[in-house]
Amino acid sequence: VKSRGRNSYEFFDPTMEAKTLERILMENELRKAINQGHFDIYYQPKTDLATGKLTGMEALVRWIHPELGVIPPNRFIPIAEETGMIIELGEWILRQACRQNKEWQNEGFPPLKVSVNLSARQLHQKNLTEVIETILKETGLEPKWLELEITESILVKLDEAIDTLQAVRQSGVQISIDDFGTGYNSFSYIKHLPIDTIKIDSSFIQDIHQNQESQAIVKAIVTIAESLNLNVIAEGVELLDQVAALSENGCDQGQGYLFSKPLPTKDFKQYLQTVHHY
Ligand code: C2E
Ligand code: CA
Ligand code: CA
Ligand code: CA
């Protein structure tokens, strides 16, 4: 089928070409979506496990494709990362989350922290500190109502960017280490990181109500968090049995489908009106 004019065609692999084509189409679509603003932010509550009160919310981006509908972040964030488009998209997400949070405060809801996920590429951006400063000034949101969630896998490889993070934290913005416990040596470096909160990875929550090892790990994470004066939160909480096991092991905050799925802005506002605030 393919010409032998070029060597590479001799080893033609149809699945590989299909993937490449799909990838190229995806990149073009993503570029268009960024230019045309086809994204939305969903919000998922964070809850105090003892009282059921709302303590904050995580901003989670969605691509709203005109024909395909809602595309989840796992499908496009990695591509946005690799192509560098995440810089522009990430800035939009940050601004949008800060603006929305300030708007809810202006509407009279008790102030809450909004958590925004930050990718590796964004952390290595030279002017990240200025970008965040500008967004906070522009939206009028106080730094203490913004938290950045950074995955453990990114944080351990950070090296030079650690100074950037330190500077951001110095300005009053909070830092949370996401997916904690999945790393190779989670406990050894944690004390060196400029962070405020540990978010325990959902893999330990999934079976915590029926697995001694997961309980032991959560207990160890809580102990280390207490000794370092850090907050802890569990992600992926789906069952009341998990809440009980978390409470027993000293984890007092949770996030997950048990409380609510991530909600579009107007649905989250409704949630704000019905739930008790911290
Ligand atoms: P993540 O930061 O670990 O976010 C948690 C993911 O778990 C979210 O998926 C959320 O919808 C889902 N989740 C929440 N509660 C439950 C539960 O009880 N059970 C289960 N099975 N899942 C639950 P989502 O929104 O699809 O996001 C996936 C990932 O994409 C995020 O993982 C994060 O790494 C990335 N992401 C999402 N939004 C952004 C963003 O604005 N910027 C960047 N850089 N990454 C983002
Ligand atoms: Ca997160
Ligand atoms: Ca996570
Ligand atoms: Ca996780």
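No value in this document is a laboratory result; all are computed from the given coordinates. This is a predicted model, so every value here is computed, not measured. Note that each Cβ is placed from the backbone with ideal geometry, even for glycine, and that neighbours are counted across all protein chains shown.
DSSP assigns beta bridges within the chain; of those with both partners inside it, close to 40 percent run antiparallel. GNM on the chain, alpha-carbon springs under 10 angstrom: the most fluctuating residue among LYS19, LYS53, LYS266 is LYS19. Between the helical axis of 73-83 and the longest alpha-carbon principal axis of the chain there is an angle of about 60 degrees.
Largest GNM mean-square fluctuation across ARG121, ARG99, ARG23, computed for the chain with C-alpha springs under 10 Å, falls on ARG23.
Determine the shape class of segment 73-119: with a ≥ b ≥ c the square roots of the Cα gyration tensor eigenvalues, call it rounded for a/c under 1.5, and otherwise prolate if a/b is greater than b/c, oblate otherwise. Because a/c hits 1.5 or more and a/b exceeds b/c, segment 73-119 counts as prolate. Loop-located GluC sites (Glu not before Pro) in segment 140-178 (DSSP state not H, G, I, E or B) with no more than 16 neighbouring Cβ atoms inside 10 Å: GLU160. Computing FRET efficiency as 1/(1 + (r/R0)^6) for SER153 and ASN106, where r is the C-beta to C-beta distance and R0 is 35 Å, gives about 0.45. Starting from the Cα gyration tensor of segment 168-278, take the square roots of the eigenvalues, sort them a ≥ b ≥ c, and report rounded, prolate or oblate (rounded when a/c is under 1.5, otherwise prolate if a/b is larger than b/c, else oblate). Oblate is the answer for segment 168-278, as a/c is 1.5 or above yet b/c matches or exceeds a/b.
So how much slack lies between ALA120 and ARG31, counting 0.36 nm per residue of separation and subtracting their Cα-Cα distance, in nm?
Values: separation 89, 0.36 × 89 = 32.04 nm, distance 1.96 nm.
Here the answer is 30.1 nm.
Against the main long axis of the alpha-carbon atoms of the chain, helix 14-36 sits at an angle near 60°. Of all DSSP bridge pairs formed entirely within segment 1-151, close to 60 percent run antiparallel. Per residue of the chain, the DSSP helices (runs of n ≥ 4 H) give a summed -39500 (n - 2.57) that works out to -14000 deg cm²/dmol at 222 nm.
Straight-line reach from LYS102: taking Cα to Cα under 16 Å and skipping same-chain neighbours fewer than 8 places apart, the lysines in range are LYS113, LYS137, LYS144, LYS266, LYS269.
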